[in-house]
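Participant: Structure in C-alpha cells, see below.
The values are calculated or read from the model by the stated rules, or taken from the named source; none is laboratory data. Being a predicted model, the structure only gives us computed values, none of them experimental. Heads up, the Cβs are rebuilt from the backbone with ideal geometry, glycines too, and the neighbour counts pull from every protein chain shown. The area values use the complete protein model at the heavy-atom level, side chains included, leaving out ligands, DNA and RNA. Shrake-Rupley method; radii C 1.70, N 1.55, O 1.52, S 1.80 Å.
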Amino acid sequence: MSGVGKGIAAASIGNILQARGLSVTSLKIDPYVNVDAGTMNPTEHGEVFVLDDGTECDQDMGNYERFLGKDLTRANYMTTGSVYLSVIQKERNLEYGGKQVEVVPRIPMEVIEKIDRAMRKAKATVSITEIGGTVGEYENILFLEAVRMLKIRRPNDVALVLVSYVPALGAGGNELKTKPTQHAVRNLNSVGLHPDIILARANNSLDAKRREKIQYACSIDKRDVISAPNVDSIYEVPVNFEDDGLTDRILRKLDLKPHGRDMKDWRAFVKVIRSKKAAVRIGIVGKYFGAGDFVLTDSYISVLEAVKHAAYALKREPVIEWIDAEKFEKNKAALKELSKYDGVIIPGGFGKRGVEGKIAAIQYLREKKIPFFGLCYGMQLATIEFARHVAGMPDANTTESDPRTKQPVIYILPEQKQNVAAKNYGATLRRGAYPAALKEGTIAHEAYAKAGKSFVIKKNSKALVISERHRHRYEVNPDYIGKLEKKGWVFSGVSPDRRLMEIAELPRKVHPFFLGTQFHPELKSRPLTAHPLFLAFLKAAATKK
Ligand code: GLN
C-alpha cells in the first residue's frame, strides 16, 4: 500500500545492484490517469519532481536519482494516462494496421515496450520497475498483467518483489502479524503471479518464527523473505538489504554475474548520518503543508534531502522546522521566531496565498543578516522585497500575485501568456535543464567553481556555465534589471543570451548569505555529491554568529 516504502525499497535495490557493478536503471509506474504529475497540487500528491528533459513526475523518481546517483529521463516514467495516450496515438496513426485495438494485450504490451525502451536508452542490464498502488485494486491490474506476460516470455529474466506491510499488534504492540502478507500473496496469485521475494516492512526486524510462517503460508523460501524494519534514515536501507542477503538472492534468481562489490562510499555516508554531530537549525517557510494526515514534508522532499546532504557533508546534524508563511501576514511579531534559525529557506510555490508572509520573512532575514536561500518563487519574492524596500519601488510585485501591479518586477513571459489564456496548463511551464553563465566574484561563482561535472557544463578562464532544472512560468522583468542592480542587487547567474535572470544575491560584505535561484537546485542534490549552493548556504548557517 502507499506509504509503506515501495519507492525507497525500489531505489535501494537499484543501489545495491549497482554497487555490484551492474548497469541499472529505474522506472516508476503511477496508476492514475494524469499523463504526468505536472497538473497536481503538491498537497495532493507530494512534490512534483522534474528531470533534465523537463518531465514532471512522481517524487519517487527523485529517490531513484538520489540512490543511483544518475540522471533519469522521460523513458523512466509512465502513468495509466501516458500509456493509454501512446496507444491511442498509435491507433490514430493507423499503426495497428486496421485491427481492433483491445485493452488486453495492447496496454500491457505497451508497458513492456516502455520498460524495454528505458533499458535500451540507459544501456542497462537491470531495470527496477516500481508499480504504484496496492495489489488487488483495480487501478494497477493491467500493469500486473504486463508483469505476467513478461514472465511468460522471459521466465528467468524477471523477479517479482512484493513489498508487504507487517503490522505489529497484540498487548505489547510488538507481535508481528503476517496475515496481510498472506492476503497480498493470494491476490497476486489470483492474477497469475507469485512473488520471488517478499520485503517485510515492519516496525521491527522479522524473527525466525515469522519468517518461517511466511515461508509456509506464502510458498516462498525463507531466504527470500527479507526483513525491512523501520530505520532512522532512508539512506540506511541499502546497507540493511545488502547485509540481509537481498543482493545475492536477486543475483541468483536472475542469474546475473556481479563485477566486484563496492558500498564503501555509501557505508561511510551512513556512518556520518549515525554519528553524533553539532546541530544546524534550518527553517523552511512554505505553505503546502496540507490538512489532516497528509505528510507535509512530502511537498518539499527534495529540499529536505538537499539540506541533509549538505549538512552531512559538513558533518552537521540537520534540524529542520516548518514555518507557515501565512502566519506572518496576520502577526508581524511572529517574525522574531526566525532569529532562532541558523538559516532559512523559502522554497518554490504557486499563486497568491502566503506571498506577503514570505516577503515579510525575507525582509526580516535581510535586515537581521540571517542566512537566506530562496528557491524559484523564493528568488522572485526576494527580488520583489529588495525592489520594494531598498530600490524604492513600493508597488513592486509579481503579476502572479497581483495582475494589475504598477511595478511588475516579476512578470509572465509573452510566450507563456498564450498558454495561460488558452488554459493550456499541462507541461507548459519552463521546465527542465537550462544553462546559466555565472559572474565572477560572486557567491554563486565561488560555490560552483568547486563543483563537479554534474552541475558545471563549461569551465575555463573566461566562463563558468552551469546547468540546472527549472519549473516556473514567471521571470524577472528585464525592464527593472538596471534599476535593481544600481541599488546593489546582483544577478550572479544569467541565461547565455542574458535575457533571463537565474541567480540573484547580495554581496557578502552586505549580508553573510542572501541568495536566490530561479531554478530548483534541490532537484540535483545527491547523497554523495551535495549541491554546491546548499553547501555554501549550510556553511554560512553553520557559522552564523
Ligand atoms: N510561481 C512561480 C512561477 O511560476 C514560481 C514557481 C516555482 O516556485 N516553482 O514562476
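Participant: For ASP262 and THR529, calculate 0.36 nm times their separation in residues minus their Cα-Cα distance, and state this gained length in nm to one decimal.
Facilitator: 94.4 nm
Participant: Go ahead and run the numbers for FRET between TYR138 and TRP322, Cβ-Cβ distance against an R0 of 35 Å, rounding to 0.05.
Facilitator: Working from the Cβ atoms, E equals 0.50.
Participant: Could you list the square roots of 5 times each eigenvalue of the Cα gyration tensor of segment 406-470, that is, the equivalent ellipsoid semi-axes, sorted largest first and rounded to whole Å?
Facilitator: Working through the eigenvalues yields semi-axes of 32, 16, 9 Å.
Participant: Order of 464-470, 9-15, 534-540 by packing, highest average Cβ count within 10 Å first?
Facilitator: In decreasing order of mean packing, 464-470, 9-15, 534-540 become 9-15, 534-540, 464-470.
Participant: Cross-link list LYS277/LYS509; LYS264/LYS450; LYS315/LYS539; LYS332/LYS509; LYS308/LYS358: which exceed 21 angstrom alpha carbon to alpha carbon?
Facilitator: Table pairs above 21 Å Cα-Cα are LYS277/LYS509; LYS264/LYS450; LYS332/LYS509; LYS308/LYS358.
Participant: LYS544 to MET40: extension gain in nm, 0.36 nm per residue of separation minus the Cα-Cα distance?
Facilitator: 177.7 nm
Participant: Continuing with this model, one more query. Could you tell me the number of lysine pairs in segment 32-134 with C-alpha atoms less than 20 Å from each other, where the two lysines are 8 or more residues apart or belong to different chains?
Facilitator: 6
Participant: Now a separate question. So what are the three principal axis dimensions of segment 89-146 from its Cα atoms, in whole Å, longest to shortest?
Facilitator: Here the Cα extents, ordered largest to smallest, are 34, 33, 14 Å.
Participant: Still on this model: I'd like to know which of TYR480, SER495, TYR448 lies farthest towards the positive end of the charge dipole of segment 439-545, counting +1 on Cβ of Lys and Arg and -1 on Cβ of Asp and Glu.
Facilitator: Final value for the positive-end residue is TYR448.
Participant: I'd like the accessible area for ARG249, computed on protein heavy atoms only with a 1.4 Å probe and all protein chains in place. Round to 10 Å², please.
Facilitator: We get 20 Å² for ARG249.
Participant: Further, regarding this structure: What FRET efficiency would be calculated for the residue pair ILE457, THR73, taking the C-beta separation as r and a Förster radius of 25 Å, to the nearest 0.05?
Facilitator: Using R0 = 25 Å, I get an efficiency of 0.90.
Participant: Sort 523-529, 227-233, 23-29 for me by packing, meaning the mean count of neighbouring Cβ atoms within 10 Å per residue, highest on top.
Facilitator: 23-29, 523-529, 227-233
Participant: Sticking with this one: Can you give the percent of C-alpha pairs in the chain whose distance is more than 45 Å?
Facilitator: So the pairs more than 45 Å apart make up 20 percent of the total in the chain.
Participant: To the nearest 20 debye, what charge dipole does the chain have about its Cα centre, counting +1 at the Cβ of each Lys and Arg and -1 at the Cβ of each Asp and Glu?
Facilitator: For the chain, the charge dipole is close to 1440 debye.
Participant: Please give the length that would be gained between ARG120 and TYR216 if that part of the chain were fully extended, namely 0.36 nm times their separation in residues minus their C-alpha to C-alpha distance (nm, one decimal).
Facilitator: 30.7 nm
Participant: Between the alpha-carbon centers of segment 20-78 and segment 363-440, tell me the distance in whole angstrom.
Facilitator: 26
Participant: Whenever you get a sec, compute what percent of the accessible area on the chain sits on carbon and sulfur atoms (1.4 Å probe).
Facilitator: It is 51 percent, rounded to a whole number.
Participant: Please tell me which of these pairs span more than 21 angstrom C-alpha to C-alpha: LYS368/LYS524; LYS439/LYS487; LYS327/LYS423?
Facilitator: In this structure, LYS368/LYS524; LYS327/LYS423 lie more than 21 Å apart at Cα.
Participant: Oh, and also: Take the alpha carbon atoms of segment 470-535, find their center, do the same for segment 187-218, and report the distance between the two centers in whole angstrom.
Facilitator: Rounded to whole Å, the Cα centres lie 50 Å apart.
Participant: Can you give the angle from 0 to 90° between the axis of helix 532-542 and the longest principal axis of the chain, with both taken from C-alpha atoms, to the nearest 10?
Facilitator: So the helix axis and the longest Cα principal axis differ by about 70 degrees.
Participant: Let me ask something else. For the modelled label position 7 Å from the Cα of ASN331 along Cα-to-Cβ, which residues of segment 350-381 have backbone nitrogen atoms closer than 20 Å?
Facilitator: Only 354-365 fall inside the zone, counting backbone N under 20 Å.
Participant: Sticking with this structure for a sec: Excluding VAL319 itself, what net charge comes from residues whose Cβ is under 13 Å from its Cβ, given Lys and Arg +1 and Asp and Glu -1?
Facilitator: Net charge in that neighbourhood comes out at +2.
Participant: Roughly how many nanometres apart are two label points built 7 Å out from the Cα toward the Cβ at VAL104 and ARG223?
Facilitator: That separation, rounded to one decimal, is 3.5 nm.
Participant: Accessible area per residue of the chain at 1.4 Å probe, in Å²?
Facilitator: With the other protein chains kept in place, the chain gives 44 Å² per residue.
Participant: Here's a follow-up. Mind checking which of GLY170, ALA146, PRO180 is farthest towards the positive end of segment 114-180's charge dipole, using Cβ charges of +1 (Lys, Arg) and -1 (Asp, Glu) about the Cα centre?
Facilitator: ALA146
Participant: Would segment 390-534 count as rounded, prolate or oblate if I go by the C-alpha gyration tensor, calling it rounded below 1.5 in a/c and otherwise prolate when a/b exceeds b/c, oblate otherwise?
Facilitator: oblate
Participant: So what is the 222 nm mean residue ellipticity for the chain from helices alone, if each DSSP H run of at least 4 adds -39500 (n - 2.57) and you divide by all residues, rounding to the nearest 500 deg cm²/dmol?
Facilitator: Estimated from H runs of four or more residues: -10500 deg cm²/dmol.
Participant: Also: Rank these by accessible area, largest first, 1.4 Å probe: HIS389, HIS45, HIS259, HIS511.
Facilitator: The ranking, largest first, comes out as HIS259, HIS389, HIS45, HIS511.
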